[in-house]
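The values are calculated or read from the model by the stated rules, or taken from the named source; none is laboratory data. Keep in mind the model is a prediction, meaning the values are calculated, not measured. As a convention, Cβ positions derive from the backbone with ideal geometry for all residues, glycine included, and neighbour counts pool all protein chains shown.
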Amino acid sequence: MTAAVAAPSPFAAVWFDCDSTLCAIEGVDELLRFAPPALRTEIATLTERAMNGDLPLADVYGARLAALRPRREQLEAVGELYCQRLTAGARETVAALQWLGKQVGICSGGLVVPVLRVARELGIDREHVRAVAVTFAADGSYLGFEPGPLTQNGGKATVLAALPAASRPLAFVGDGVTDLETMGHVARFVGFGGVVARAAVRQRAGFFTAAPTLAAVLPFVTTAAEQERLRGDATFQRLLSAPPS
Ligand SMILES: [Mg+2]
């Protein structure tokens, strides 16, 4: 038997952040529409500081939700908005990765109700969704969220490292500093700046694109052989001609 030159091992799974990665909006910003104006400004500032890495996420997370107290139907409305505002190329990119036989998942610091709505829209199994659980009273009013790794800095690395063997080697794609924290804990981190390009992520991610389509991450999460397969398919070939960042 002749040993061929070893091709790079393909990623078994590609997981994505939700807000500003699979979806071109931030769920918390949308929830703010239900809040009084003074609260809106205060919370938007906190969120931005957490996402840029200026404030610990755990400090911001509980305070934000305690102030917002989102009702179940408000979270369902955010889920619908997520689906209306999917990032360009998100649907096709997820489909292409699944067509290649990869597991696709979502790891989000957002609340599970709207994130599961996105998963359903994109054909992602709910078993491959990690987000923050939330509890409601029978009338849909907010009771609380479940603090866990995803409501703290470093949490995505913890959650992704705990995925079963079937999810490895794992590539993770995201826009924020909490996503960047997975670098070194997953086989490959790809920074996506197509919705919001954050300086810290652009500077520190080994792989980064600011192209306005999620398809621009495909070359970072597929092998040359897999790209050949995509090029041979009428549905997916155009995804690999995404504009350079
Ligand atoms: Mg994000």
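Checking Gly148 against (1) touching a Leu at 6+ places or on another chain (Cβ under 7 Å); (2) within 21 Å of Gly105 (Cα to Cα), which test does it fail?
(1)
Which ones in the range 40-89 are touching a residue at least 12 places away in the same chain (Cβ under 8 Å), of a type in the set (S, T, N, Q) and closer than 23 Å to Ala197 by Cβ?
Answer for the range 40-89, where residues must be touching a residue at least 12 places away in the same chain (Cβ under 8 Å), of a type in the set (S, T, N, Q) and closer than 23 Å to Ala197 by Cβ: Thr47, Asn52, Thr87.
State all residues of the range 65-86 that are over 15 Å from the mean Cα position of the chain (by Cα), part of a helix (DSSP H, G or I) and either surrounded by fewer than 22 Cβ atoms within 10 Å (Cβ to Cβ) or among the acidic types (Asp, Glu) (or both); if no residue qualifies, say none.
Leu65, Ala66, Ala67, Leu68, Arg72, Glu73, Gln74, Glu76, Ala77, Glu80, Leu81, Gln84
Does Asp139 satisfy being more than 16 Å from the ligand (Cβ to nearest atom), under 24 Å from Val94 (Cβ atoms) and without any contact (Cβ under 8 Å) to a residue 24 or more places away in the chain? Step through it out loud before you land on a result.
Values: more than 16 Å from the ligand (Cβ to nearest atom): yes; under 24 Å from Val94 (Cβ atoms): no; without any contact (Cβ under 8 Å) to a residue 24 or more places away in the chain: yes.
The answer is no for Asp139.
With the structure loaded, tell me whether Gly89 is more than 19 Å from Leu180 (Cβ to Cβ) and crowded, with 20+ Cβ neighbours inside 10 Å or whether it fails that test.
Here the answer is yes, as Gly89 does meet what is asked.
I need the full set of residues from the range 150-165 which are modelled with pLDDT of 95 or more and surrounded by fewer than 22 Cβ atoms within 10 Å (Cβ to Cβ), in order please.
Passing the criteria: Thr158, Val159, Ala161, Ala162, Leu163, Pro164, Ala165.
Which members of the range 111-129 meet the condition of being closer than 27 Å to Thr222 by Cα, in contact (Cβ under 8 Å) with a residue 60 or more places away in the chain and not β-branched (Val, Ile, Thr)? Outline the logic, then answer.
Applying the first criterion (closer than 27 Å to Thr222 by Cα) to the range 111-129 yields 115-129.
Now drop any that are not in contact (Cβ under 8 Å) with a residue 60 or more places away in the chain, which leaves 115, 118, 122, 128.
Across the range 111-129, the qualifying residues are Leu122, His128.
Show the residue pairs that are 6+ apart or on different chains and have beta-carbon atoms under 9 Å apart, the first residue being within the range 183-202 and within 17 Å of Met51 (Cα to Cα), the second being assigned to a strand (DSSP E or B) and of a type in the set (S, T, N, Q).
Matching pairs, first to second residue: Val190/Thr209; Gly191/Thr209; Phe192/Thr209; Gly193/Thr209; Gly194/Thr209.
Let's see how each residue does on (1) in a helix (DSSP H, G or I); (2) touching a Ser or Thr at 6+ places or on another chain (Cβ under 8 Å); (3) within 13 Å of the ligand (Cβ to nearest atom):
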{"residue": "Val14", "(1), (2), (3)": "no, no, no"}
{"residue": "Thr21", "(1), (2), (3)": "no, yes, yes"}
{"residue": "Asp29", "(1), (2), (3)": "yes, yes, yes"}
{"residue": "Arg40", "(1), (2), (3)": "yes, no, no"}
{"residue": "Arg49", "(1), (2), (3)": "yes, no, no"}
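Of everything in the range 105-118, what is in a helix (DSSP H, G or I) and either β-branched (Val, Ile, Thr) or more than 15 Å from the ligand (Cβ to nearest atom) (or both)? Give them in sequence order. Step through it out loud before you land on a result.
In the first step, residues of the range 105-118 are kept if they are in a helix (DSSP H, G or I); the result is 112-118.
Of everything in the range 105-118, those that are in a helix (DSSP H, G or I) and either β-branched (Val, Ile, Thr) or more than 15 Å from the ligand (Cβ to nearest atom) (or both) turn out to be Val112, Val113, Val115, Leu116, Arg117, Val118.
Residue check, Ala234 against (1) in contact (Cβ under 8 Å) with a residue 12 or more places away in the chain; (2) over 12 Å from Asp17 (Cβ atoms); (3) part of a loop (DSSP other than H, G, I, E, B), all met but one. Which one?
(1)
Anything in the range 169-186 that is within 12 Å of the ligand (Cβ to nearest atom) and either more than 13 Å from Gly109 (Cβ to Cβ) or hydrophobic (A, V, I, L, M, F, W, C) (or both)? List them, or say none.
Once the filter is applied, which keeps residues that are within 12 Å of the ligand (Cβ to nearest atom) and either more than 13 Å from Gly109 (Cβ to Cβ) or hydrophobic (A, V, I, L, M, F, W, C) (or both), the range 169-186 yields Phe172, Val173, Val177, Leu180.
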